[in-house]
Protein chains: 4
Amino acid sequence: MRLFSTPQLNPASETGWRRRWFDIIHRRDTRPSRNFDLLLVYAIVASVLVVMFDSVQHIHAAWASWFYVVEWGFTLLFTAEYVLRLLVVRRPLRYALSIWGVIDLLAILPTYISLLLPGAQSLLVVRALRILRVFRILKLTRYIEESGILMQALWRSRRKILLFLSMVITIAIIAGSLMYVIEGPSHGFSSIPASMYWAVVTMATVGFGDIVPQTTLGRFVTSVLILIGYSIIAVPTGIYTAELANGMRRAEAWRRRDDRGCIVCGHEGHEQEARYCNRCGHELPEPLEP
Amino acid sequence: MRLFSTPQLNPASETGWRRRWFDIIHRRDTRPSRNFDLLLVYAIVASVLVVMFDSVQHIHAAWASWFYVVEWGFTLLFTAEYVLRLLVVRRPLRYALSIWGVIDLLAILPTYISLLLPGAQSLLVVRALRILRVFRILKLTRYIEESGILMQALWRSRRKILLFLSMVITIAIIAGSLMYVIEGPSHGFSSIPASMYWAVVTMATVGFGDIVPQTTLGRFVTSVLILIGYSIIAVPTGIYTAELANGMRRAEAWRRRDDRGCIVCGHEGHEQEARYCNRCGHELPEPLEP
Amino acid sequence: MRLFSTPQLNPASETGWRRRWFDIIHRRDTRPSRNFDLLLVYAIVASVLVVMFDSVQHIHAAWASWFYVVEWGFTLLFTAEYVLRLLVVRRPLRYALSIWGVIDLLAILPTYISLLLPGAQSLLVVRALRILRVFRILKLTRYIEESGILMQALWRSRRKILLFLSMVITIAIIAGSLMYVIEGPSHGFSSIPASMYWAVVTMATVGFGDIVPQTTLGRFVTSVLILIGYSIIAVPTGIYTAELANGMRRAEAWRRRDDRGCIVCGHEGHEQEARYCNRCGHELPEPLEP
Amino acid sequence: MRLFSTPQLNPASETGWRRRWFDIIHRRDTRPSRNFDLLLVYAIVASVLVVMFDSVQHIHAAWASWFYVVEWGFTLLFTAEYVLRLLVVRRPLRYALSIWGVIDLLAILPTYISLLLPGAQSLLVVRALRILRVFRILKLTRYIEESGILMQALWRSRRKILLFLSMVITIAIIAGSLMYVIEGPSHGFSSIPASMYWAVVTMATVGFGDIVPQTTLGRFVTSVLILIGYSIIAVPTGIYTAELANGMRRAEAWRRRDDRGCIVCGHEGHEQEARYCNRCGHELPEPLEP
């Protein structure tokens, strides 16, 4: 829930260059900070594109050495950024172990490792995850609020969705082994795990067609499995829609009645001066009529 | 939102043939105007059918020269219509740059271009877009109101759907590169972009089957990706359903309470004489009990 | 809406065998009437099964002459039933032209036609439609009420669903012709109609895989088409769910408040003695506290 | 609905080892009882994994004799558990005929049968069903409550879903035989049952691609069938979502107003001392403010 929380300043850096860089990295409302963020986002998108195009054979054949240089350029840039982040925050270890810290590290490691092990370069695509930083720069506080509602609805339906997933897996085990017995390895159902993969692909209405039933009984069982999967598709949709409708009603009620309930967890009755929800830490919006 | 707005008359044409043609083209309640619209719609549908059938090889072989003549007939007709529209509206440039103006131009350009470049004829299918004009003729004000509710629900959920799309693309990048590493070019995952195409096809439960995982690990990752995609399918449905239910409740409340709220944007408290919403410009219905 | 309406008695048959058979055919609460209905349902299901199994080659090889006899047995039985229905109802022509009358006729015609034209026998499967008669026998008034709510929700969302269908067809035309230009006949997109078939199969997430894009641009366009189709899947679900929730709320409100509103069209304020809704003709339930 | 009901103690075993084992098996709050449950769950998951891996050819080749021994170990363990359960409960027959009793028996039978009939071993996967016991151990009373709401929503929508299923089957019969007539055995539609299998696969948007239409008419009928299936997919989702939203609203109302309504069937007005709903037998929660 605190994906976008603001780290605290390193106390040793209340003044001087650390202070300046902390502001550039973590604030969003100044000119240099926006430029820094923009540069970073462009670099992330560009580096992901380079990895993607490098995987296309005929492009690789023509540009391999060029991509190699660019790749090292991005890696050095991201390394500098990573070190800078470590230097300016109050608790470097906490950043290093946070989700973003790990992703930032994973984004630079593969290139260094590829000096020893060729092939590790493919892992560079972890950088794609950094694209989420894009949302930060666009000052999309609205987007993040929306994300809060969507995530909270997902969080509230977690138990029901877990129950649903265990149901799907159980059905996949049963149907997979049934089909393994009915169709057998000669028709592509080569083992129970392979049949389970087929059952998931079928139940979720993907239906690749690489493995298909060929006996009459197998086709009948498949039809039944599909109709079950077809009914089950309603379950997560129903759960999520009901939860989301609840969340949106609450958000709208909040906007109208100005009762200062938290838009994410719904807790109400905050003090007049409160800026964050005392339950979930989400920022409370300004009172409408102060 | 203003897809069906009425253009204003060219001031130079308050009287005479321009006035008459402006009425024929833009009004909907007179006999000649209805005939004009009907003729136009028949011509559009017929021209689209000609392009479609012309693409079927054995029909083309038999009727090619005939289709060529018909094609030029439609093009000249649509050119005349386009010039007429330019002549009678008050601001020709504004029409030329509007969505409909561009489509009307694109509908006639390919035939002329095909005099220089053979093959451009395929682009004639842009004419299909003009089929949307059909709704106008049937005087389906009810349909357009429905369309307003559907569109407004889409518009209100735009941020959430954008967030969802960026989530889908991020997952496609991660899953695509994972599968590229796991399965490799020998199993059809020839590059990261190709793997991303596969990931989108799989996550959306389309599952063509032209590229399929063949290793056990690849099948396991695929199953996980499918279950994620299966859960994600609930997100846009949930978002849209919740927004639509809101919009419909509002529309029904309006119909019952006669509080003259705008059926599209929900703004209330309009003056007794008002005929259009002062927020979004959508037509307000007549008060039920005047 | 009046799928299960009760025909009126032929006035010439107020007494005698016609009266008796009218009661047997159209009432549901007497012993002979239930037996007649049961016999009919068994005959329908059995005759459909015979046609189905007769189409399986190795079964046909072994049982062909046997099936031929059975087939004629069913046809004579259904012919007798059809003639009987014509004789006992007040307005034979009206029955003959009703949905059920036409289905009943279509169910017997193919066998007679097959005397002249071999092959017409395949059309016998129209008999499957008669299976809907099953609901009648089980005295499933509850089921029919449910059906009323489901159908009414479908009816109320007809305009929105029509709009949605015309949107789908327009997108199919545009995407189909785009792909025809991009991929061309050599990759299976042999004509614009064939490409439109592919576009519908893809957008609806069926994805047979008989026609697949093979160029990079084609795959990109396909991904975009899929994401659009994926968003569009929310539209009919959202429309229908919202309408159905409305209908169910109304039905529940009716059950609780005993305000005698029609369960199907929602019209309220019926007279105390009223047994049918004076708007849509659906049967009103008994008042809860008389 | 009583999937997790507590069996009663065998009166002959109020004291002694039977009493002790009854507590271990059926209570959940003591240390030995938790250990027993954990052991059982681990054994179930392990035995299912063994059956699954044993079906993979190259694993079977290397470990067959080892798996044989492990298999017999699990079977003896489960046999001991089954006999123990029979001994300690008050009504052994009732347990033996309950869902869980039958599953427990089916889980051990195949190994014994395989002494006589080789091949029966594949049926061992019935053990997967026992995985549902996992929920018990985690003391997930919350989960079971959720399950109650989900199941009750399914139960309330049973009539509508049955109606929907019979609609799907009828359409499958009609479309299947139409395609059998149009495409014929030479294009893969080898019989009406095979065509029905294809119709179900297509309507549910699975689309394996093992059977595909090849004529223009066949493709047109397929497109129509897909659009119908696409509209129909909204039906069960809509039904279930509406029912679930009802159930959740009721559950929330209960939590807030403390009106002691049953969270599952909604019956209200229970006595102050009541611990179970007198309608459906589901446990009532503690009053919030006693």
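The values are calculated or read from the model by the stated rules, or taken from the named source; none is laboratory data. Bear in mind that the values here come from a model prediction, so they are computed numbers and not experimental data. All Cβ positions, glycine included, derive from the backbone under ideal geometry; neighbour counts span all protein chains shown. Calculation scope for accessible area: heavy atoms of the full protein, side chains included, ligands and nucleic acids excluded. Shrake-Rupley method; radii C 1.70, N 1.55, O 1.52, S 1.80 Å.
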Exposure of A:Ser65 as accessible area (Å², to 10), given a probe of 1.4 Å and all protein chains
90 Å²
Just to be sure I understand the model, the point goes 7 Å from the Cα along the line to the Cβ. What's the resulting C:Ser33 to C:Ile59 distance in nm?
3.5 nm
Shielding by partners for C:217-223, please: the mean number of other protein chain Cβ atoms within 10 Å of each residue's Cβ.
4
The distance between the Cα centres of the range C:205-243 and the range A:25-89, in whole Å, is 33 Å
Inter-probe distance in nm under a simple model that places probes 7 Å from Cα toward Cβ, at B:Tyr68 and A:Leu217:
6.4 nm
Taking the simple approach of a point 7 Å from Cα along Cα-to-Cβ for both D:Ile103 and C:Arg94, what is their distance in nm?
5.6 nm
Run the label-point distances for D:Gln214 please: 7 Å along Cα to Cβ, every other copy, nanometres, shortest first.
1.8, 1.8, 2.5
Is the shape of the range D:148-235 best called rounded, prolate or oblate, per the rule: a/c under 1.5 gives rounded, else a/b larger than b/c gives prolate, else oblate, with a ≥ b ≥ c the square roots of the Cα gyration tensor eigenvalues?
prolate
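Cβ under 11 Å from B:Ala64's Cβ, B:Ala64 left aside: what net charge do those residues give with Lys, Arg +1 and Asp, Glu -1?
-2
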Peptide-level mean, for B:191-200, of C-beta atoms on other protein chains within 10 Å:
6
Which sequence of C:Arg158, A:Arg159, B:Arg31 reflects their accessible areas, 1.4 Å probe, from the largest down?
B:Arg31, C:Arg158, A:Arg159
Label-to-label distances across copies for C:Ala64, with labels 7 Å out along Cα→Cβ, in nm, shortest first?
4.6, 4.6, 6.6
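Give me a single rounded figure for C:48-56: the average over its residues of other chain Cβ atoms within 10 Å of their Cβ. Mind showing how you got there, number by number?
Working: counts 3, 0, 0, 3, 9, 3, 2, 12, 6.
Counting other chains' Cβ atoms within 10 Å and averaging over C:48-56 gives 4.
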Lys/Arg +1, Asp/Glu -1 at C-beta; the range C:145-255 dipole; positive extreme among C:Val224, C:Ser186, C:Ala245:
C:Ala245
For D:Asp23, the accessible surface traced by a 1.4 Å probe with all protein chains present amounts, in square angstrom to the nearest 10, to 30 Å²
